[in-house]
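Just so it is clear, none of the values below were taken in a lab; they were calculated from the coordinates. All values derive from a computational prediction rather than experimental measurement. In this analysis, Cβ positions are derived from the backbone assuming ideal geometry, glycine residues included, and neighbour counts consider all displayed protein chains.
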Amino acid sequence: MEIKIVSENKKQFIDLLLLADESESMIGKYLERGELFALHDNELKSVCVVTGESPDTCELKNIATYEKWHGMGYGSKLIQCISAFYKDKYKTMIVGTGEVPSIMRFYEKNGFCLSHRIHNFFTDNYDHPMFEDGVQLVDMVYLKKEL
């Protein structure tokens, strides 16, 4: 297994990034200013994008694993890697997501706890209703992890 930072041609991963964020225009707002990490295990399995948001805080903007590789620990491995990578640069990592039980469990299992929410984020910022695991996304729930 190998995890590398990708500096050039980040848009080559758009198909995978779109699994975690349905809007290419929203991805475009953070992709170039963020650092993209790609996890390969014989082939590409997962990616994530992290941005600096303040001197003390970075944000996990997108993390996605190809569906056929879900449940095999690739997403957790990426979070462990980026947490170690950023621990000397930032105090806190945050992540915003929809309030979906399986996603919340994933982040909690990886050391995140509830921080705050932005009401109506998905309904205000996307041009169509968004659903994950049969749940309509309305509020953006933020979780945080001390690095």
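Near Leu147, the amide H atoms lying under 5 Å from its own belong to Thr92, Met93; only residues 5 or more places off or on other chains count, and H is placed 1.01 Å from N. Peptides 48-59, 104-115 ranked from most to least packed by the mean count of surrounding Cβ atoms within 10 Å: 48-59, 104-115. Backbone phi angles across the stretch 106-117, fed through the Karplus curve with coefficients 6.51, -1.76 and 1.60 (θ = phi - 60°), yield HN-Hα couplings of 4, 5, 4, 4, 9, x, 8, 10, 4, 10, 6, 9 Hz in residue order; Gly and Pro are listed as x. Once the Kirkwood radius over Cα pairs is known for the chain, the Stokes-Einstein relation at 4 °C and 1.567 mPa s delivers a diffusion coefficient of 83 µm²/s. Adding -39500 (n - 2.57) for every DSSP H run of four residues or longer, then dividing by how many residues the chain holds, sets the calculated 222 nm ellipticity at -8000 deg cm²/dmol.
Normalised by the number of residues in the stretch 1-138, the mean separation of alpha-carbon contacts (under 8 Å, six or more apart) gives a relative contact order of 18 percent. Applying Stokes-Einstein at 10 °C and 1.306 mPa s to the Kirkwood radius of the stretch 100-139, computed over alpha-carbon pairs, gives a translational diffusion coefficient of 141 µm² s⁻¹. In order along the stretch 76-93, the Karplus-derived 3J(HN,Hα) couplings, from 6.51 cos²θ - 1.76 cosθ + 1.60 at θ = phi - 60°, round to 5, 4, 4, 5, 4, 5, 5, 4, 5, 4, 9, 4, 8, 9, 10, 8, 9, 10 Hz, and Gly and Pro are given as x. For the stretch 41-54, putting each phi into the Karplus relation 6.51 cos²θ - 1.76 cosθ + 1.60 with θ = phi - 60° gives couplings of 9, 6, 8, 5, 10, 8, 9, 8, 10, 10, 10, x, 10, 7 Hz, in residue order, rounded to whole numbers and with x for Gly and Pro.
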